[in-house]
1. On the accessible surface of chain A, probed at 1.4 Å, how many percent belong to carbon and sulfur atoms?
2. Which residue fluctuates the most in chain B, going by a Gaussian network model with Cα springs under 10 Å, if the choices are B:Glu264, B:Glu123, B:Glu92?
3. With chain A treated as a Gaussian network of Cα nodes joined by springs under 10 Å, which of A:Leu255, A:Leu35, A:Leu90 yields the largest mean-square fluctuation?
4. Dipole magnitude of the protein assembly as shown about its Cα centre, charges +1 at Lys/Arg Cβ and -1 at Asp/Glu Cβ only, in debye to the nearest 20?
5. A drop of at least 10 square angstrom in accessible area, chain alone versus all protein chains together, probe 1.4 Å. Which residues of segment A:164-203 meet that?
6. For B:Gly258, place a label point 7 Å from Cα along the Cα-to-Cβ direction in every copy; what are the distances to the other copies, in nm, shortest first?
7. Once the other residues with Cβ under 9 Å from the Cβ of A:Cys199 are scored (Lys, Arg +1; Asp, Glu -1), what is the net sum?
8. Got the A:Ser61 label distances to the other copies yet, label 7 Å along Cα→Cβ, in nm, shortest first?
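The values are calculated or read from the model by the stated rules, or taken from the named source; none is laboratory data. On a predicted model such as this, the values are computed, not experimentally measured, just so you know. Cβ: placed from backbone, ideal geometry, glycine included. Neighbour counts: every protein chain shown. Note: accessible area is taken over every heavy atom of the protein model, side chains too, but ligands, DNA and RNA are not part of it. Shrake-Rupley method; radii C 1.70, N 1.55, O 1.52, S 1.80 Å.
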Number of protein chains: 2
Amino acid sequence: MGLDVRIAVTRTVDGERLVADRGDGEFLLTPVSDLGAALANGTVADLGALGGRSVDIADLSLAPVVGTSGKVICVGHNFTQHILEMGHGLPEYPNVFSKFREALVGANDAIELDPVSSAWDWEAELVMVIGRPARRVSEETALDYVAGYTVANDISARDWQRRGSQWLLGKTFQSTTPIGPWMVTADEVDPADGLSLSCMVDGIEKQNSTTADLLFGPGFLVSYLSHVLTLNPGDIVLTGTPAGVGAGREPAEYLKPGQTVVTEIEGIGRLVNSCAAPSFAA
Amino acid sequence: MGLDVRIAVTRTVDGERLVADRGDGEFLLTPVSDLGAALANGTVADLGALGGRSVDIADLSLAPVVGTSGKVICVGHNFTQHILEMGHGLPEYPNVFSKFREALVGANDAIELDPVSSAWDWEAELVMVIGRPARRVSEETALDYVAGYTVANDISARDWQRRGSQWLLGKTFQSTTPIGPWMVTADEVDPADGLSLSCMVDGIEKQNSTTADLLFGPGFLVSYLSHVLTLNPGDIVLTGTPAGVGAGREPAEYLKPGQTVVTEIEGIGRLVNSCAAPSFAA
């Protein structure tokens, strides 16, 4: 895609706006409101040059890096050691589920731990952001449809995830999944190079792996999913988590309000999120 | 909600528009484009009186009855006989998954049977359309948040559904799930009364049950889901299918291009969909 710019989504009094980091230390608040539309019409390529008001990144409230109507597709069981710690065999196909947009929060927002679950767990993940409509594309050309990469933590309520065979509800509690801070364009980073991927809770490292250890890599996943349905600009794909989740520990460890989760991928970005009880439970 | 009007969504050269049936034989093509927005701002209550151009319902191309940004939430294992035919025990909680919007088609559109699956199956279902934002609502008040009901067929690629533990991909192939033709307002029909629910394939009845046999009824489901995340106007909930699916038969029966699927719920509406190979496979 050759964009050479980092893009964040920020909340303003007039709604969401894209922020472009041109790499020269200046952050531009652009008039563009939707990442999906900007990717679809090619505006993202011009964001660095488009201009806009210069802002201090520290003043911004970052929103999830996803198009306003973007799908949130998730892949489970995609690192060998995590599959083994969860007690499963190696899969022949990607195990795919989803989240709803209501689950997402920004890179520095609170993760809301609803007390209706007593098993809140962490899952650091690499995220692909789709840049062009992809339908029935080959694995060889699939990365042409990826605009860039960002970081998420697929925070999961393990007890709810296991109430039935389907994980959705344990994965889509309101305001639980931080994603961001930036979409780094695909010409800047290549997950196949083995980017360090980690999760720390209150300063203690819980997960540490590399993006080279994905069983099903970005190109395979985009091609595979595109044979089921169209992937659209602004859609995101969470690609799965490595070993070290709380449910895989002996004894199991779960998140509590007051803790801080730091999720980071080398060359892409870092999420810093505190855990809080939702206001209705305070 | 007391709306007393049937609402369809139709495709026009200017995009989607709502159609109101006032019950006097006249169908009005309104200027309103989004079911979710119309429900959110109360416009639906006025659609019958709002006016609009009178149209012949037979001329319309019906689109899926869902808000343009609406979630598609699905419940599995919600009729006792279907649970048994699929080889499962009775659940303690609803088993919840989702579809993406790309899977939906209108009441008379073709169901596209991608030849990548050889196990296309039918699942007639009652659908709730959410009318008001619902977050942590009680079961007793939950039906106040339901604007009305419609009909869907949760067409499923059984082989893909079972490739991993998560059903999503087998449930969300592009252009496979017919939904419509109408949202009938909740003051007109009550699923607790036991509305006949059926699916016929090429004129042969495959499923026949009643909406009174749902294990987890509409009120329970809305309350339960609203404790996980906010349900918004225009979101839909597919409530599960009764016994008689193809995978539960001996030998198993699956859909083929050229067949016609008729899905009907008494007092709500009837879907008539032909099965076709997608154009890329023709």
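1. That share works out to 47 percent.
2. B:Glu92
3. Between A:Leu255, A:Leu35, A:Leu90, it is A:Leu90 that shows the largest mean-square fluctuation.
4. I would put it at about 120 debye.
5. Those residues are A:Gly164, A:Ser165, A:Gln166, A:Trp167, A:Leu168, A:Leu169, A:Thr172, A:Phe173, A:Gln174.
6. 7.0
7. -2
8. 4.1
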